[in-house]
Structures are given as structure tokens and as C-alpha cells.
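A.B. asks: Below is one structure. I have some questions about it.
The values are calculated or read from the model by the stated rules, or taken from the named source; none is laboratory data. Note that the structure is predicted; figures quoted are calculated from it, not measured. Positions of Cβ are backbone-derived with ideal geometry, glycine not excepted, and every protein chain shown enters the neighbour counts.
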Amino acid sequence: MSGWAGFFGLIQLFFVAVIGIYFWNLLRSQRGSKTAVSRETSKEMDELSRLRSLSLTEPLSEKVRPAAFEEIVGQKDGLKALRAALCGPNPQHVLLYGPPGVGKTAAARLVLAEARQNEHSPFTEHARFVEVDATTVRFDERGIADPLMGTVHDPIYQGAGPLGVAGVPQPKPGAVTRAHGGVLFIDEIGELHHIQINKLLKVMEDRRVYLESAYYNSEDSNVPRHIHDIFENGLPADFRLVGATTRHPEELPPAVRSRCIEIYFRALSADEISEIAFKAAGRIGYKLEADAVKVIAAFALNGRDAVNMIQLAAGIAQVEGRSVLQAEDIEWVVNNSRLSPRMEKSISAKPQVGLANGLGVYGSQQGALLEIEASVTPVENGQGRLSITGIVEEEEIGAAGRRVRRKGAARGSVENVLTVLGVLLDMNMRCYDIHLNFPGGIPVDGPSSGVGIAVAIYSAMTGIAVDNSAAMTGELSIRGLVCPVGGVTAKIEAARDAGAKRVFIPQKNWQQIYTREDELSIIPVQYLREVLEKVLVDTETGLPALSSWSREAYASSIYLNAKRGK
């Protein structure tokens, strides 16, 4: 028996030794792994420290980024509206329209900073400004990742951790939750996927975001309380949306627009571009020649363009050891970058026959002065022809779900004008070859040039000049009524920038605020004849050529000028 006991003792001793060797090797392997991980971590941390120790100089665009309201150029009205929308006791969701590089993002940041200091504002000192770019926050149809709304890390995903091993889904907050109690700024909001927009609207209404997962079981006791709470009650998302876009308002979903205050940041004038250029050059220790500033103002479309031109020109001057930026430096940048001049119009130097100043809108509510040229030639037997250049012959309207192609509204406006003139003057307009032209590169695609077209044609028919300091807008009905149009505020600003002294607008577009205009006389009109009486002038005296409306007087002036060969 003692022999068997010794044998079994040897066997036990053998297994103990084997198990001990196994665990000893396992422990050594773990220690080796920890050492390897520690060594790799130390190596990576050293590399991160090295990378962080390297830094380039701050870009000029960052140096000139506005840090105070006074540094935002040309947006007095936009800032006033944005402050009113966000700094009060009941801040609103906001949509900012405007071309790029005019200060929309900087303005939103500064307004939130001001609201934090307002004791009546619900924004606390800890309110966050969370900025996302809609062009990079793409919609994931698989639902694996949604940086805007939030994501659920399901157990099947790699790296789910201990909770994933236990079969517990893990919610991850998105930008709407990170912005809770503050502002969510979405740049280029018009680029969001339509499903993202619908989800965003729901979050804006509920002020919380609900996440879903097929792996969540409300009765599972293994799920932690905080995860139960998130799935049952949602993640908080009480924020104020500030969406910025360079698109037309009509291109944004009506459901979004109806929930937001709409504010417009206008395009910068040449003088404002010059101011930004001077500041940018001063920030890097360079001086600008007066001629160099003129070149920048002629080609830069916004503040960012001006800063970029200064940056490149400064590099040229630095290589040559100069501290003054010359016009030749800026011209080299313009030619190298293949830049086109700004689309800015000025009124003509003197009254001319067949030339009227219309007003239009392009881009994101940017006004423009439109020269309308008319040439009229009498023909026989009613064989007159109508030629129109510089307009959109066919246009597409409607939203993404339903689009309609139709004949260009500008051509229809011309036909209305011919009908009105024919009735008022009791003349057959087919007895004239009429050529209308809209120079300047801005295609006319709406009916608001009707009044200007009528004035230009009548001027060409009678040989009476049109006041060069007058600009006009309004749709013309076939009864001679001047009908209301859109974009009047932008058009008035364009007329002011172009040097106009009088602007004729439809009576129904008139507002009392227009009486505060100092540089312009804004005149509401109801009938075409009112405009004709006030803008047709005698080139010798500068006085109105027609004191009162008389069909016989107008018709006889056409007849006499036709006999004289005018």
C-alpha cells in the first residue's frame, strides 16, 4: 500500500509541477505583454509629444478672425438681428444666409459669448458652442455612426468592451447632446441629408434625442440603470440651432425655415473689402499701397479672399526683402489665381436714350444693378421682330420632389410690357424691330424687371433720355399696374452702392423704415405712367420731359421722332 501511495504522490507532484509551470509561463507572458505594451505606449507618447512640440505659424486667416463685434465689417443689421434672436430671455433658432467669408460663424460665436453674460438669458456661463459641418456629417444608412444625432454601440461591434460582452448596447451622444444648454452651429446646413433634417426637426421639438437598438431589452436586469434611462427617456438635447448657408432660402426645406428666424448677412462692398485688407496686412507687419488696395477691392469677393491675396502677396514681398505690398504684387496674385473682377455696376455718367437701370437679385439675396438696353427701329407692314439677349430662356422651379420646367419669366415680362405700351399708346408694337439686352453677366430670370424694360423701350421709341440716377424694380401687369416683387431690401442696397439717387419700388413693397434712408429717395409707385413721368428727362435742362400723363402727347412724341429719323 505504501508503494501505491508513493506512486500517486509522484503523479500529484507531476501535475502540480505542470500546472505551476503553465501559470508561471502565463504570468511571464502577461508581464512580457505588459512590458511590450508599456514600451509601445512610451514610444507612441514620445512621438505624440514630438508632434505636439512642432507647430507652424498661425495662418493669417486665423489672425484676422474677428474677436469682437467691432471687428466684423459690414454686418451691422445682421448682428443686430442675431443679438435680438439669441441674447434675450427667449432665444430662437436661427438661419443665417449670406455669401462665404462675411463673418457668419464669427458672429454666432460672439453673440453666444455675449448671451452668457446676460442675466436674463437662459444660456449659462458653461453654455457650449458646438460647430459641425453638414458637408462632412454624412448620413449613414446602416445606422452604425451618426455624429449629429448620436450612435448606439451594439455588442456585435468590435471594441464593445465588457458591457458588449454582456450583450448590453451602449449609447454614444452626438453633437445635439454635446450642444445641450448652448448653441449647435451647423455650417452649410442646406447640405444635410433629408433624413438627418427630419431627425433634427424632431429633436428641436422634443428637446431630446431618442436612440434605438435591436439589442436593448427593457426587462434585462443586466443592463445598467443609466442605459435604461437613456433608452427610456432619451438624451437631453435642449439647444438653439444656428444654421449657416450660402444657398437660396427657397432651397431649404420649409419645415426648417418655419422653425427659425431668418437673418441675412450681405455681401461686402469694395470699401469694406479694403478695410479688411488693411487690417490683414497690418497684422503681419506689411503696408499696402493705395493702388494695391484698389486691385484687392476690385477682385476680392469677400473678406477671406482679401486675406488670402494679402498672404500670397506678402510671401512675394518677403522673398524680395520688402515690407510694402505693391499693386504689381496683388496683380500677380490675381493673374496667377485666375480671379475674375467683382460684379459691381455703377450708374452711367449722364442720361441716355434707351438705357434704364433695373434692379435684380442673385446668389444668396445679393442685389445687383441691371443695365437694360433697348433699341427700337420702325418697320412696315407689322413685320417687327423681338430679340432679347442676356436672359434665361427656360427655367426650372420647384423642390427636389417635384420640378417644373417653364418658359423664362423674363421673356414673359417683356411680352407684358409690349402689351401695356401698345394699349396705353394705341399703337401696334409689331411695327417695330425691338432688341433688348441685359449686359453684365447676370442672367435675368424673373419678372421684376418689367418696369425697367418698359422705360427703356419707351425711351428708345421716343428718343427721350432716362435719368441715369434713377433705378427701378417692379413687375408690370398687362393693365399697367406695378406689382410687388421680392428682394427689395437687397435691391435698394445695390442701388445705393451703384450711386443711384432715386429708387422706384412697387407701392405694396413700401415700408415706413424706408423713410429713414438718407442717401436715397425711395419712391413707391402704383402705375407705369408714374415712373415714366419722373424718370424721362430733357438732357439739356435735366427737368422731367413729360409733366403729366397724356396718351396723345406720348403718341405724338413717338410720331415726331419717327419723322425726324430718331
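A.B. asks: Spot the failing condition for Ser121; the list is (1) free of Cβ contacts under 8 Å to residues at least 40 places away in the same chain; (2) surrounded by 14 or more Cβ atoms within 10 Å (Cβ to Cβ); (3) part of a helix (DSSP H, G or I), and only one is missed.
C.D. replies: Tallying (1) free of Cβ contacts under 8 Å to residues at least 40 places away in the same chain; (2) surrounded by 14 or more Cβ atoms within 10 Å (Cβ to Cβ); (3) part of a helix (DSSP H, G or I), Ser121 fails exactly one: (3).
A.B. asks: Hey, could you check the stretch 1-59 for residues that are at pLDDT 70 or above and outside any helix (DSSP H, G or I) and say which is farthest from Ala280 (Cα to Cα)?
C.D. replies: Leu54
A.B. asks: Let me ask something additional. Restricting the search to the stretch 448-480, which residues are assigned to a helix (DSSP H, G or I), touching a strand residue (DSSP E or B) at 6+ places or on another chain (Cβ under 7 Å) and of a type outside the set (S, T, N, Q)?
C.D. replies: Restricting attention to the stretch 448-480, the residues satisfying the condition of being assigned to a helix (DSSP H, G or I) are 448-462.
When the remaining residues are screened for being touching a strand residue (DSSP E or B) at 6+ places or on another chain (Cβ under 7 Å), the result is 448-457, 459-461.
Listed by number, the residues that qualify are Gly450, Val451, Gly452, Ile453, Ala454, Val455, Ala456, Ile457, Ala460, Met461.
A.B. asks: Right, another one. Go through the stretch 315-349 and count every residue that is touching a residue at least 60 places away in the same chain (Cβ under 8 Å) and over 24 Å from the mean Cα position of the chain (by Cα).
C.D. replies: Taking the stretch 315-349 as the starting set, the residues that turn out to be touching a residue at least 60 places away in the same chain (Cβ under 8 Å) are 342-349.
If we keep only those that are over 24 Å from the mean Cα position of the chain (by Cα) too, we end up with 346-349.
Result for the stretch 315-349: 4.
A.B. asks: Return the residues of the stretch 261-294 that are surrounded by fewer than 17 Cβ atoms within 10 Å (Cβ to Cβ), among the acidic types (Asp, Glu) and in a helix (DSSP H, G or I); say none if nothing qualifies.
C.D. replies: Listed by number, the residues that qualify are Asp271, Asp291.
A.B. asks: Further question on the same structure: Given the options Val242, Val256, Val223, name the one that is β-branched (Val, Ile, Thr) and more than 30 Å from Gly74 (Cα to Cα).
C.D. replies: One residue alone meets the criteria, Val223.
A.B. asks: Return a yes/no flag: does the stretch 209-221 have any residue that is over 18 Å from Thr245 (Cβ atoms) and at pLDDT 90 or above. Before you say what the answer is, go through the steps one by one.
C.D. replies: Taking the stretch 209-221 as the starting set, the residues that turn out to be over 18 Å from Thr245 (Cβ atoms) are 209-221.
Those left that are additionally at pLDDT 90 or above: 209-210.
Scanning the stretch 209-221, I find at least one residue that is over 18 Å from Thr245 (Cβ atoms) and at pLDDT 90 or above, so the answer is yes.
A.B. asks: Let me ask you something else. Can you tell me which residue among Ala270, Ala214, Ala244, Ala306 is touching a Leu at 6+ places or on another chain (Cβ under 6 Å) and aliphatic (A, V, I, L, M)? Full working, then the answer.
C.D. replies: Values: Ala270 fails: touching a Leu at 6+ places or on another chain (Cβ under 6 Å); Ala214 fails: touching a Leu at 6+ places or on another chain (Cβ under 6 Å); Ala306 fails: touching a Leu at 6+ places or on another chain (Cβ under 6 Å).
Result: Ala244 is the single residue among Ala270, Ala214, Ala244, Ala306 that is touching a Leu at 6+ places or on another chain (Cβ under 6 Å) and aliphatic (A, V, I, L, M).
A.B. asks: What do you reckon, is Glu519 on the phi < 0 side of the Ramachandran plot, under 30 Å from the mean Cα position of the chain (by Cα) and part of a loop (DSSP other than H, G, I, E, B)?
C.D. replies: yes
A.B. asks: Can you tell me which residue in the stretch 246-281 is nearest to Glu205 (Cα to Cα), limited to those that are of a type in the set (A, V, I, L, M) and within 12 Å of the chain's Cα centre (by Cα)?
C.D. replies: Here is the first cut: in the stretch 246-281, the ones of a type in the set (A, V, I, L, M) are 252, 255-256, 261, 263, 267-268, 270, 273, 276-277, 280-281.
Retained after the next criterion (residues that are within 12 Å of the chain's Cα centre (by Cα)): 252, 263, 267.
On the way: Leu252: 18, Ile263: 21, Ala267: 33 Å.
The qualifying residue nearest to Glu205 (Cα to Cα) is Leu252.
A.B. asks: Moving on. Can you name the residue in the stretch 450-483 that is among the polar types (S, T, N, Q) and farther than 19 Å from Ile434 by Cβ and, of all such residues, is surrounded by the most Cβ atoms within 10 Å (Cβ to Cβ)?
C.D. replies: Looking only at the stretch 450-483, we keep the residues that are among the polar types (S, T, N, Q), and these are 459, 462, 468-469, 473, 477.
Of the ones still in play, those that are also farther than 19 Å from Ile434 by Cβ are 468-469, 473, 477.
Working: Asn468: 20, Ser469: 19, Thr473: 31, Ser477: 15.
Here the residue is Thr473.
A.B. asks: In this structure, does Gln311 turn out to be free of Cβ contacts under 8 Å to residues at least 12 places away in the same chain and either in a helix (DSSP H, G or I) or in contact with a Leu (Cβ under 8 Å, 6 or more places away or on another chain) (or both)? Walk me through it before giving the result.
C.D. replies: Values: free of Cβ contacts under 8 Å to residues at least 12 places away in the same chain: no; either in a helix (DSSP H, G or I) or in contact with a Leu (Cβ under 8 Å, 6 or more places away or on another chain) (or both): yes.
Judged against the criteria, Gln311 is not a match.
A.B. asks: What about Glu219, is it surrounded by fewer than 21 Cβ atoms within 10 Å (Cβ to Cβ) and touching a residue at least 12 places away in the same chain (Cβ under 8 Å)?
C.D. replies: Numbers: surrounded by fewer than 21 Cβ atoms within 10 Å (Cβ to Cβ): yes; touching a residue at least 12 places away in the same chain (Cβ under 8 Å): no.
No, not satisfied.
A.B. asks: Let me ask something else. Mind listing just one residue for me: the one in the stretch 219-238 that is in a helix (DSSP H, G or I) and of a type in the set (A, V, I, L, M, F, W, C) and, of those, farthest from the chain's Cα centre (by Cα)? If you could, list the steps in order and put the result at the bottom.
C.D. replies: Taking the stretch 219-238 as the starting set, the residues that turn out to be in a helix (DSSP H, G or I) are 225-233.
From what is left, the residues that are of a type in the set (A, V, I, L, M, F, W, C) are 227, 230-231.
Details: Ile227: 40, Ile230: 36, Phe231: 37 Å.
So the residue we want is Ile227.
A.B. asks: May I ask you to list pairs of residues, at least six apart or on different chains, whose Cβ atoms are under 6 Å apart, with the first in the stretch 374-395 being over 19 Å from Gly450 (Cβ atoms) and in the same structural domain as Thr419 (by TED's automatic domain parsing) and the second being in a strand (DSSP E or B) and modelled with pLDDT of 80 or more?
C.D. replies: If the second residue must be in a strand (DSSP E or B) and modelled with pLDDT of 80 or more, the pairs left are Thr377/Asp433; Pro378/Tyr432; Val379/Asp433; Gly384/Tyr432; Gly384/Asp433; Arg385/Asp433.
A.B. asks: Do we have Glu251 as of a type in the set (D, E, K, R), over 19 Å from Glu70 (Cβ atoms) and assigned by TED's automatic domain parsing to the domain that holds Leu325 here?
C.D. replies: Spelling it out, it is not the case that Glu251 is of a type in the set (D, E, K, R), over 19 Å from Glu70 (Cβ atoms) and assigned by TED's automatic domain parsing to the domain that holds Leu325.
A.B. asks: Does Ala108 satisfy being in the same structural domain as Cys260 (by TED's automatic domain parsing) and touching a residue at least 60 places away in the same chain (Cβ under 8 Å)? If you could, list the steps in order and put the result at the bottom.
C.D. replies: On the way: in the same structural domain as Cys260 (by TED's automatic domain parsing): yes; touching a residue at least 60 places away in the same chain (Cβ under 8 Å): yes.
In short, yes.
A.B. asks: Failed condition for Gly190, given (1) of a type outside the set (Phe, Trp, Tyr); (2) in contact with a helix residue (DSSP H, G or I) (Cβ under 8 Å, 6 or more places away or on another chain); (3) outside any helix (DSSP H, G or I); (4) within 30 Å of Ala495 (Cβ to Cβ), with all others met?
C.D. replies: Gly190 satisfies all of (1) of a type outside the set (Phe, Trp, Tyr); (2) in contact with a helix residue (DSSP H, G or I) (Cβ under 8 Å, 6 or more places away or on another chain); (3) outside any helix (DSSP H, G or I); (4) within 30 Å of Ala495 (Cβ to Cβ) except (3).
A.B. asks: Which of the residues that make up the stretch 484-522 are closer than 17 Å to Pro447 by Cα, modelled with pLDDT of 90 or more and surrounded by fewer than 18 Cβ atoms within 10 Å (Cβ to Cβ)?
C.D. replies: Of everything in the stretch 484-522, those that are closer than 17 Å to Pro447 by Cα, modelled with pLDDT of 90 or more and surrounded by fewer than 18 Cβ atoms within 10 Å (Cβ to Cβ) turn out to be Pro484, Gln507, Lys508.
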